[in-house]
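A short worksheet on the structure shown next.
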Amino acid sequence: MTLQFNRLTPLARAEPMGDVGWGSRAIALIPQGTVVATFGGDAVDRRGFDAMPATRRERSIQVDDNLFIVGPPEREPGDAVNHSCEPNCGPRSATQIVAWRDISVGEVLTFDYGTTDGSDYDQFPCACGSTLCRGQTTSDDWRRIDLQQRYALRFSPYLLRRLACSTRARMLTKKERVEMLATYDRDPAKALSVALRAVTGRVHDRLGDMIHASHLPLDVKRAICDGDVTACDALVGGLNEFAGEPFVAAVSPL
Ligand SMILES: [Zn+2]
């Protein structure tokens, strides 16, 4: 038996598909609810992800705010399910794709990458041909109300967590701003964590995860996570001056 990182249902087959590279096609009727693909590989954070060769990054899936599963060095049948803006499959867990309806022989398996990916690493012009095509996929597609409704929130768990927390997102109170400034010099990471938990509603999350879920530029995210004094000072200044408004907006779907 040959062990593989990725599993494709035996009801489908991977094959070259012209401009989009490889894809997977049903070779037998795939009943609704069938797990069509289970993704595996190396688990890396964004920094590790960016260091991977493009041939592996294109076979990857985001599974948390700062965690990606990247396919093995050699292509496997199970790591080729392409994007569509009108998909026949979608996520059942962070690493499993399930058939959302019965899929006929010959149909190409697709899922909407907006249901799993919330980072800017995989934004691309889309020509999926659907009347629902967005024309461009972005890291913010999961925030779209139309997609949330059409897919009935069948999103990757970490995106659902973001949405759930957004209902608790709020501005810092004056007392919290004073407390943040009073503790910042002694322990910047802790002071920022406490403030950001209040602002984002992500009460159990680590600083790095909250930062990576925000709209800040990637170089700023990295600088803050590395403890860069200038970047952290700018963040605490922003939280104080604007009482956290940029970060409420960053994690809120509204
Ligand atoms: Zn499309």
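Per-structure values
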item: Residue match in the range 202-209 (condition: in a helix (DSSP H, G or I), in contact with a Gly (Cβ under 7 Å, 6 or more places away or on another chain) and touching a residue at least 12 places away in the same chain (Cβ under 8 Å)); result: no
item: Hey, residue 156 within 16 Å of the ligand (Cβ to nearest atom) and among the polar types (S, T, N, Q) or not; result: no
item: The listed residue being in contact (Cβ under 8 Å) with a residue 12 or more places away in the chain, within 16 Å of the ligand (Cβ to nearest atom) and either touching a helix residue (DSSP H, G or I) at 6+ places or on another chain (Cβ under 7 Å) or part of a loop (DSSP other than H, G, I, E, B) (or both), out of 118, 90, 106; result: 90
item: Residues located in the range 34-66, provided they are closer than 22 Å to residue 226 by Cβ and either without any contact (Cβ under 8 Å) to a residue 60 or more places away in the chain or not assigned by TED's automatic domain parsing to the domain that holds residue 97 (or both); result: 43, 44, 45, 48, 51, 52
item: Every residue from the range 143-188 that is hydrophobic (A, V, I, L, M, F, W, C), out of contact with any helix residue (DSSP H, G or I) (no Cβ under 8 Å at 6 or more places or on another chain) and more than 30 Å from residue 61 (Cβ to Cβ); result: 178, 182
item: Any hit, the range 162-169, residues being over 24 Å from residue 45 (Cβ atoms) and either assigned to a helix (DSSP H, G or I) or without any contact (Cβ under 8 Å) to a residue 24 or more places away in the chain (or both); result: no
item: Failed condition for residue 78, given (1) more than 16 Å from the ligand (Cβ to nearest atom); (2) modelled with pLDDT of 95 or more; (3) not in a loop (DSSP other than H, G, I, E, B); result: (2)
item: Those residues of the range 186-224 which are over 19 Å from residue 157 (Cα atoms), surrounded by fewer than 21 Cβ atoms within 10 Å (Cβ to Cβ) and β-branched (Val, Ile, Thr), in sequence order; result: 194, 220
item: Matching residues, the range 130-153, being away from the ligand (no atom under 16 Å from the Cβ) and either surrounded by 17 or more Cβ atoms within 10 Å (Cβ to Cβ) or in a strand (DSSP E or B) (or both); result: 143, 148
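The values are calculated or read from the model by the stated rules, or taken from the named source; none is laboratory data. For clarity, every value in this text was computed on a predicted model and none was experimentally measured. Heads up, the Cβs are rebuilt from the backbone with ideal geometry, glycines too, and the neighbour counts pull from every protein chain shown.
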